[in-house]
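Written out below as structure tokens is the structure these notes cover.
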Amino acid sequence: MRIVHVWFFTATAALTCAAFAGAGGVRLWRGASAAHATSAGLQAAQSMKPGHERVPPFRAPSPYMSAAEIQIGLNRLDPALIGSRTGGAVPFAAGKAPGVVRRRKSGPQYAITHTRSLEYIIVTKGTGTMVTGGTLIPPTLDSDPYPNENPNATIRSMVGVKDGLARRIGPGDVLVNLPGTPHWLSQIDDTIEYVEIQIPNVDPAPGIELAEVKPKGQVGR
């Protein structure tokens, strides 16, 4: 007889819970869960060790740009700019953090050295050949003399790179151009897009020769 009573009680409880949920009990359960979470938070705060009650200041949400928004921005760029030696770019955290998505078309490209910038390149679309290392092939551009008065100067050549390593690159590939490292997209298969993040004021690793800086106001080269 006891077994029958237990079964009857269990079945009745189940039916009661089902009816309760159907009558809006779900909202009450959710409210109870939220109250339980708040209670748990209060208990955690009460049991907190001294010195652990502070947290960093409030911040706005992180900058965000969807893939669709990036493509819209790139498609709005002047085709002549995209086809130039620099390509065209869309900043994805303008005024808040360094970083652009750059689109380039096949054709002659600058060979570049950032004297004191660390540069990350993450390919998102397209393929090509990137040459890194070695030295720029002179002459450099008239606007980019070396040595330069700007310690964070970008030095460019229209010719290319000598004694560098050529690698085929495509979507998902990552390159890290260390300060002073020449890099050159010697070939682009139609179009390539990549995330480009430059961090200035970075010295080369210990033991690596720093780029020469020209004293300001010095006449000649």
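Where in segment 105-124 does the label zone of ASP189 land, with the point 7 angstrom along Cα→C-beta and an amide N cut-off under 19 Å?
Residues 105-109, 122-124 fall inside that zone.
Amide H to amide H, which residues 5 or more places from LEU185 or on other chains are under 5 Å from it, using H placed in the peptide plane?
So LEU185 has HN proximity to VAL131.
What distance in nm separates the simple spin-label points at GLU149 and LYS49, each placed 7 Å from Cα in the Cβ direction?
Going from the GLU149 label point to the LYS49 one covers 5.5 nm.
How far apart, in nm, are two points set 7 Å out from the Cα along the Cα-to-Cβ line at ILE199 and at THR129?
Each label point lies 7 Å from its Cα, and together they span 3.2 nm.
Please give me the summed charge of the neighbours of ALA93: other residues whose Cβ is under 15 Å from its Cβ, Lys and Arg +1, Asp and Glu -1.
On the way: positive: ARG59, LYS96, ARG102; negative: GLU69, GLU196.
Here the charged neighbours net out to +1.
As an exercise, identify the GluC sites (Glu not before Pro) in segment 174-216 lying in DSSP coil whose Cβ has no more than 14 other Cβ atoms within 10 Å. Numbers along the way, then the final one.
Details: sites: GLU193, GLU196, GLU209, GLU212; in loops: GLU209, GLU212.
Filter output for segment 174-216: GLU209, GLU212.
I'd like the FRET efficiency for ALA97 and ASP163, computed as 1/(1 + (r/R0)^6) with the beta carbon distance as r and R0 of 25 Å, rounded to 0.05.
Working: r = 34 Å, r/R0 = 1.37.
Efficiency for this residue pair is about 0.15.
Determine, from the Cβ-Cβ distance of TYR120 and LYS216 and an R0 of 30 Å, the FRET efficiency 1/(1 + (r/R0)^6), rounded to the nearest 0.05.
Working: r = 30 Å, r/R0 = 1.01.
Computed FRET efficiency for TYR120 and LYS216: 0.50.
In terms of the ratio Rg/(2.2 N^0.38 Å) built on C-alpha atoms, what value belongs to segment 127-221? Present the calculation step by step, with values, prior to reporting the outcome.
Details: Rg = 14.8 Å, N = 95, 2.2 N^0.38 = 12.4 Å.
Against the empirical 2.2 N^0.38 Å value, I get 1.19 for segment 127-221.
For ASN148, enumerate residues with amide H under 5 Å from its amide H, sequence gap 5+ or separate chain, H modeled in the peptide plane.
Here LYS214 satisfy the definition.
Taking 10 °C and 1.306 mPa s as the conditions, I'd like the Stokes-Einstein D for segment 39-155 in µm²/s, using the Kirkwood hydrodynamic radius from alpha carbon pairs. Show your work: numbers first, answer last.
On the way: Rh = 18.7 Å.
Here the translational diffusion coefficient equals 85 µm²/s.
³J(HN,Hα) across segment 160-167 via Karplus (A = 6.51, B = -1.76, C = 1.60, θ = phi - 60°), whole Hz, x for Gly/Pro?
So the Karplus estimates, Gly and Pro as x, are x, 10, 9, 6, x, 9, 8, 10 Hz.
7 Å from Cα along Cα→Cβ at both VAL174 and ASN75: what's the point-to-point distance in nm?
Distance between the two pseudo-spin positions: 3.0 nm.
FYI, it's all coordinate maths here, none of it is from the lab. Owing to the predicted nature of the structure, the values given are computational and were not obtained by experimental measurement. Every residue, glycine as well, gets a Cβ built from its backbone with ideal geometry; the counts of neighbours run over all protein chains shown.
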